[in-house]
Amino acid sequence: MRIDVLTVLPGLFDCFLREGVIGKALERGLVSVNVYNIRDFTTDKHRVVDDVPYGGGPGMVLKPEPIFGAYEKLSKEGPKPFVILTEPWGEKFNQEMALEFSKLPRLLIICGRYEGVDERVKKLVDREVSIGDYVLTGGELPAMVIMDAVIRLTPGVLGNRESLEADSFMDRGLMGYPNYTRPAEFKGMRVPEVLLSGHHAKIERWRKKESLKKTLKRAPELIEKLKREGKLTEEELK
Ligand code: SAM
């Protein structure tokens, strides 16, 4: 998979693309990420990327020409990119969307800044995505959130595929179960006995029950959805 990012602050991505699971995935060539400075696609002498809003009002707006210029140049390289625009009022990002994006050959993420992008940029956009109901200073953190969730789902990126299946919101549609590691007792808090038993079927049952409890408490609508889809029976909920 190839991911292109358009931003006015490319330096923000340096650390993210160098460290941890994402850094390793790039090093191993499982995914390629190219961060482009929108300013490099300007054609005027002063390399201007923003301008005042028509009709007045505060702040600046990202101009359409450099973004269109970048899209036109980059889309000539390889498969047509699926274009995501980060927007506070976009569709709320979730695991389902991350899975969908992870199956695409190429993404192009446009990071807004200032008051946002000129509305005409939306002609290029396939999906406007929000990472939550709050306003950030720019689309760079949302782009990193989207990339992190998507790259992590790319085959080969995580060593142990099982760890994906046990994740919240994955196959079973439930939230993840509680995890413990050594020591078995810490400051008087003991790891649940069943996890020390070595009895795999019992451990599996306990984990499912804990996942159900957490989901019922924090997102009962997910349980209703699973019931409607016939993926969860009343018996399992007892
Ligand atoms: N004028 C916008 C408004 O009324 O909501 C706010 C613009 S915000 C300061 C600048 C840019 O940050 C946005 O264009 C968008 O790209 C990005 N952004 C801010 N919050 C976001 C969020 N929750 N999800 C996705 N992108 C966000």
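Being in contact (Cβ under 8 Å) with a residue 40 or more places away in the chain and surrounded by fewer than 18 Cβ atoms within 10 Å (Cβ to Cβ) is the filter here; which residues of region 91-117 pass it?
Matches in region 91-117: K92, N94, Q95, E96, L99, L104, P105, Y114, E115.
Exactly one of these conditions fails for I151: (1) assigned to a loop (DSSP other than H, G, I, E, B); (2) touching a helix residue (DSSP H, G or I) at 6+ places or on another chain (Cβ under 6 Å). Give me its number.
Here I151 meets the rest and fails (1).
For P183, indicate whether it is more than 31 Å from the chain's Cα centre (by Cα) and assigned to a loop (DSSP other than H, G, I, E, B).
Yes, satisfied.
Conditions (1) away from the ligand (no atom under 12 Å from the Cβ); (2) over 16 Å from the mean Cα position of the chain (by Cα); (3) within 18 Å of T7 (Cβ to Cβ); (4) not assigned by TED's automatic domain parsing to the domain that holds L9, marked per residue:
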| residue | (1), (2), (3), (4) |
| --- | --- |
| L107 | yes, no, yes, no |
| G116 | no, yes, yes, no |
| E119 | no, yes, no, no |
| V129 | no, no, yes, no |
| V145 | no, no, yes, no |
| D148 | yes, no, yes, no |
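Taking region 86-105, which residues are away from the ligand (no atom under 11 Å from the Cβ) and either within 19 Å of V61 (Cβ to Cβ) or in contact with a Phe, Trp or Tyr (Cβ under 8 Å, 6 or more places away or on another chain) (or both)?
Scanning region 86-105 gives N94, Q95, E96, F101, L104.
With the structure loaded, tell me whether L158 is modelled with pLDDT of 95 or more and aliphatic (A, V, I, L, M) or whether it fails that test.
No: the conditions fail for L158.
Can you name the residue in region 198-212 that is exposed (fewer than 14 other Cβ atoms within 10 Å of the Cβ) and part of a helix (DSSP H, G or I) and is also nearest to the chain's Cα centre (by Cα) among such residues?
Among residues in region 198-212 that are exposed (fewer than 14 other Cβ atoms within 10 Å of the Cβ) and part of a helix (DSSP H, G or I), the one nearest to the chain's Cα centre (by Cα) is E204.
Test each condition in (1) under 28 Å from T154 (Cβ atoms); (2) touching a residue at least 60 places away in the same chain (Cβ under 8 Å); (3) within 16 Å of the ligand (Cβ to nearest atom) for L124 and report the one that comes out false.
(2)
Residues in region 124-132: is at least one surrounded by fewer than 16 Cβ atoms within 10 Å (Cβ to Cβ) and modelled with pLDDT of 95 or more?
yes
Just the residues that are of a type in the set (G, A, S) and more than 14 Å from the ligand (Cβ to nearest atom), please, taken from region 53-77.
Restricting attention to region 53-77, the residues satisfying the condition of being of a type in the set (G, A, S) are 55-57, 59, 69-70, 75.
If the condition is that a residue be of a type in the set (G, A, S) and more than 14 Å from the ligand (Cβ to nearest atom), then G56, G69, A70, S75 are the ones that fit.
Would you call K80 outside the structural domain of K225 (by TED's automatic domain parsing), more than 16 Å from the ligand (Cβ to nearest atom) and not in a loop (DSSP other than H, G, I, E, B)?
No: the conditions fail for K80.
Going by the conditions given, is R39 more than 14 Å from the ligand (Cβ to nearest atom), closer than 18 Å to T137 by Cβ and not polar (S, T, N, Q)? Step through it out loud before you land on a result.
On the way: more than 14 Å from the ligand (Cβ to nearest atom): yes; closer than 18 Å to T137 by Cβ: yes; not polar (S, T, N, Q): yes.
Against the criterion (more than 14 Å from the ligand (Cβ to nearest atom), closer than 18 Å to T137 by Cβ and not polar (S, T, N, Q)), R39 qualifies.
The values are calculated or read from the model by the stated rules, or taken from the named source; none is laboratory data. These figures come from a predicted structure and were not determined experimentally. Positions of Cβ are backbone-derived with ideal geometry, glycine not excepted, and every protein chain shown enters the neighbour counts.
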